[in-house]
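Okay, so here's the structure we're looking at.
The values are calculated or read from the model by the stated rules, or taken from the named source; none is laboratory data. Predicted model only: the values in this text are computed from it and were never measured. Note: ideal-geometry Cβ built from the backbone for every residue, glycine included; neighbour counts use all protein chains shown. All accessible areas refer to the heavy atoms of the entire protein, side chains included, with ligands and DNA or RNA removed. Shrake-Rupley method; radii C 1.70, N 1.55, O 1.52, S 1.80 Å.
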Amino acid sequence: MARVTPPDRDGRILDAAREAFATRGFAATTMDDIAQRVGISRSAIYSRFETKEALFRALVEGLIGHVLPEAMPDLAGTSAPDALRRFIHVVMVRLGSGNIAFLPRLIIGEGQAFPDLVKFYHDHAITRVLGAIEAIIRHGVARGEFTCANPALAARSVAGGMIFSALWRIVFEPVGAEPLYIEAMAVSHAEVLLQGLTARGELA
């Protein structure tokens, strides 16, 4: 059997942690659970991650660090409407059906018991997503494509629809709610927002 290098092991540990947190929640997951999923000892996990909280933080950093570059185009060569459509589509699809779908549910469901994790998620995920959206809106205002008196508040409106869609998919659909087709929802959300943001009401 090929030797598993530390970077490979870290990836396997993070994948196992994600699966465990998504299935059992943060509080109910133990380091033993994660070790068993990977097929290594608990001490091997502790040699890479000091605590379960450290695992969560590394998981969030890795997931956000992967999604944001995919979602955020080079604004210098992209119209603001196109940039906003792309951002909404990528993030909404990943939140609703990808490997980060469990995060909003976990934060809302268990956040009161783990305020430090909520703060970390806010500081390292939410603020980065809002900052990216705000940058797109300001880009549109500078180009004369958008009119927006408060890009920071507008960014929260953009993010709100994406989070609601993720929660619908992972909280309400499993108990019988009408299915939400995430691709169609992403298009609809972007077009509704663009109607409000686009200068003189003309979409690019």
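Which numbered condition in (1) part of a helix (DSSP H, G or I); (2) free of Cβ contacts under 8 Å to residues at least 24 places away in the same chain; (3) not acidic (D, E) is the only one that P179 fails?
Going through the list (1) part of a helix (DSSP H, G or I); (2) free of Cβ contacts under 8 Å to residues at least 24 places away in the same chain; (3) not acidic (D, E), P179 breaks only (1).
Looking only at residues in the stretch 64-94 that are open to solvent by 20 Å² or more (accessible area, probe 1.4 Å) and under 17 Å from L167 (Cβ atoms), which one is nearest to the chain's Cα centre (by Cα)?
Checked the stretch 64-94; the qualifying residue nearest to the chain's Cα centre (by Cα) is R94.
E110 passes all but one of (1) under 18 Å from the mean Cα position of the chain (by Cα); (2) surrounded by 18 or more Cβ atoms within 10 Å (Cβ to Cβ); (3) not basic (K, R); which number fails?
Tallying (1) under 18 Å from the mean Cα position of the chain (by Cα); (2) surrounded by 18 or more Cβ atoms within 10 Å (Cβ to Cβ); (3) not basic (K, R), E110 fails exactly one: (2).
Looking at the stretch 130-147, can you tell me whether even one residue there is open to solvent by 70 Å² or more (accessible area, probe 1.4 Å) and in contact with a Pro (Cβ under 7 Å, 6 or more places away or on another chain)? Show your work before the answer.
Initially, the stretch 130-147 is screened for residues open to solvent by 70 Å² or more (accessible area, probe 1.4 Å), giving 138, 142-143, 147.
After this cut, where a residue has to be in contact with a Pro (Cβ under 7 Å, 6 or more places away or on another chain) as well, the list is 138.
Yes, the stretch 130-147 contains at least one residue that is open to solvent by 70 Å² or more (accessible area, probe 1.4 Å) and in contact with a Pro (Cβ under 7 Å, 6 or more places away or on another chain).
So V60 passes all but one of these: (1) modelled with pLDDT of 90 or more; (2) farther than 30 Å from V187 by Cβ. Which condition number does it fail?
So V60 meets the others, but not (2).
Taking the condition in a helix (DSSP H, G or I) and touching a Lys or Arg at 6+ places or on another chain (Cβ under 9 Å), does D8 pass?
It is false that D8 is in a helix (DSSP H, G or I) and touching a Lys or Arg at 6+ places or on another chain (Cβ under 9 Å).
Applying the selection to the stretch 113-129, what residues are under 10 Å from the mean Cα position of the chain (by Cα) and open to solvent by less than 20 Å² (accessible area, probe 1.4 Å)?
A125
For the stretch 39-51, give me each residue that is surrounded by fewer than 18 Cβ atoms within 10 Å (Cβ to Cβ) and either within 25 Å of the chain's Cα centre (by Cα) or of a type in the set (G, A, S) (or both).
G39, S41, S43, A44, S47, R48, E50, T51
Filter the stretch 181-192 for residues that are open to solvent by 40 Å² or more (accessible area, probe 1.4 Å) and not polar (S, T, N, Q) and give the result.
Scanning the stretch 181-192 gives Y181, E183, A184, M185, V187, E191, V192.
Can you name every one of the helices (runs of 4 or more DSSP H) wholly within the stretch 14-126 that holds 2 or more residues which are without any contact (Cβ under 8 Å) to a residue 40 or more places away in the chain?
Correct list: 31-38, 42-46, 52-71, 80-97, 115-121.
Report, by residue number, each residue of the stretch 20-36 that is crowded, with 18+ Cβ neighbours inside 10 Å and of a type outside the set (A, V, I, L, M, F, W, C).
T29, D33
Select from the stretch 154-175 the residues that are closer than 19 Å to H122 by Cα and not small (G, A, S) and write down the one among them that is surrounded by the most Cβ atoms within 10 Å (Cβ to Cβ).
Within the stretch 154-175, the match that is surrounded by the most Cβ atoms within 10 Å (Cβ to Cβ) is M162.
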